[in-house]
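Data first, discussion second: the structure below is written as structure tokens.
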Amino acid sequence: MKIIDNNNYMTQIEAQILQNMKGLPLETLKEISHFIQFIKRQKIKKNSLNNINLELLQLDKIAKKHLEEEFKNYQKIYPKNEK
């Protein structure tokens, strides 16, 4: 099988899957459909978790920068009054 580009490759894969499903009983087709839905949900879930982790990392960087600015020269501005 010669791969010309990604779109053509996907079309060939889809055609192969469709060809392999021909003649299967209805119950088997339902199982295949459920499996495909499961895979899609897992992919969405994984992408969502990755996006959440990236957002949290960004928030951590922003919070760290804010705190560093907030407490810059803190000891100079608010020296300890030792008695």
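The values are calculated or read from the model by the stated rules, or taken from the named source; none is laboratory data. Predicted model, so just to flag it, every value in this text is computed and none were measured. Ideal geometry is used to build each Cβ from the backbone, glycine not excepted, and the neighbour counts take in all protein chains shown.
Would you point out the residue of the range 62-83, among those that are in a helix (DSSP H, G or I) and surrounded by 10 or more Cβ atoms within 10 Å (Cβ to Cβ), that is farthest from the chain's Cα centre (by Cα)? Among those that are in a helix (DSSP H, G or I) and surrounded by 10 or more Cβ atoms within 10 Å (Cβ to Cβ), it is LEU67.
Evaluate the following for SER33: is it in a helix (DSSP H, G or I), surrounded by 10 or more Cβ atoms within 10 Å (Cβ to Cβ), at pLDDT 90 or above and under 24 Å from the mean Cα position of the chain (by Cα)? In short, yes.
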